[in-house]
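Have a look at the structure below before the remarks.
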Amino acid sequence: MKVAVLDIKGKETGRQAELADSVFGIEPNDHAIYLDVKQYQANQRQGTHKAKQRAEIAGSTRKIKKQKGTGTARAGSIKSPVFRGGGRIFGPVPRDYSFKLNKGQKRLARKSALSQKAKEGNIQVVEDFNFDAPKTVDFVRVLEGLGLSDKKSLFVLGGSNNNVYLSSRNLKGVEVITYSELSTYKIVNANNLIVLEGSLDGIEQILSK
């Protein structure tokens, strides 16, 4: 699959980039995408939720009323879950939500997400660029040139570029990552995927294994 390479003003440079069919042209596997996104979101959960059970509530352990003759149910402790201020029944406890997903499954999910974006025409290949200094206004001009001012965009760089990253950090709906940080969730979550020319080889090398 060949795609025109654009400059930061959104104009064609006259060159074309070759997108490998083994990465950008497979039949998308929706279930693999679902599992990888589910794992990513599960890994983001802290799992630090906690509610006190009756054994952890501070309070007297004396029997609060006599066993019989009150006309109401028997009660042995003020810490019982049936009373206000008592412990919680089956409350949340700290836990780890992460789960294992095979590398092959994760690789298939990323290729499926990229192929889906390519099929929808939401992948743009842009020539590598850099800024002399971190300036948000410079990145805004890039978004305007590419017609992405009001769209959620993911920029994939070929390597670490601090000036470009810092220039985009204050902008809502824009994320800049390197090709090694590419995940299924980030691909699916973005409306448009902006792949810099220098990142194509790295993406194909990682996902063609």
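The values are calculated or read from the model by the stated rules, or taken from the named source; none is laboratory data. The shown structure was predicted, so the numbers you read here are calculated from the model rather than taken from an experiment. FYI the Cβ positions are ideal-geometry reconstructions off the backbone, even for glycines, and counts take in every protein chain you see. The area values use the complete protein model at the heavy-atom level, side chains included, leaving out ligands, DNA and RNA. Shrake-Rupley method; radii C 1.70, N 1.55, O 1.52, S 1.80 Å.
Structure summary
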read-out	value
Accessible area per residue, Å², the stretch 84-145 with all protein chains present, probe 1.4 Å	62 Å²
Around K172: net Lys/Arg minus Asp/Glu count, Cβ-Cβ under 12 Å	+1
Per-peptide average of other Cβ atoms within 10 Å, ordering 16-22, 79-85 highest first	16-22, 79-85
Average Cα contact separation per residue, the chain, under 8 Å, 6 or more apart, as relative contact order %	25 percent
Convex hull volume per residue in cubic angstrom - Cα atoms of the chain	185 Å³
Which listed pairs, of K9/K172; K11/K119; K103/K152; K111/K186; K38/K106, have C-alpha distances above 18 Å, in listed order	K9/K172; K11/K119; K103/K152
Share of carbon and sulfur in the accessible heavy-atom surface of the chain [1.4 Å probe, %]	47 percent
Calculated FRET efficiency for the pair N122/N163, C-beta based, R₀ 25 Å, to 0.05	0.45
Residue of G198, G14, G76 that the Gaussian network model of the chain assigns the largest fluctuation, springs spanning Cα pairs under 10 Å	G76
Protection proxy ranking, peptides 170-183, 57-70, average beta carbon neighbours within 10 Å, highest first	170-183, 57-70
Cβ charges +1 (Lys, Arg) and -1 (Asp, Glu), total dipole of the stretch 1-137, debye	2120 debye
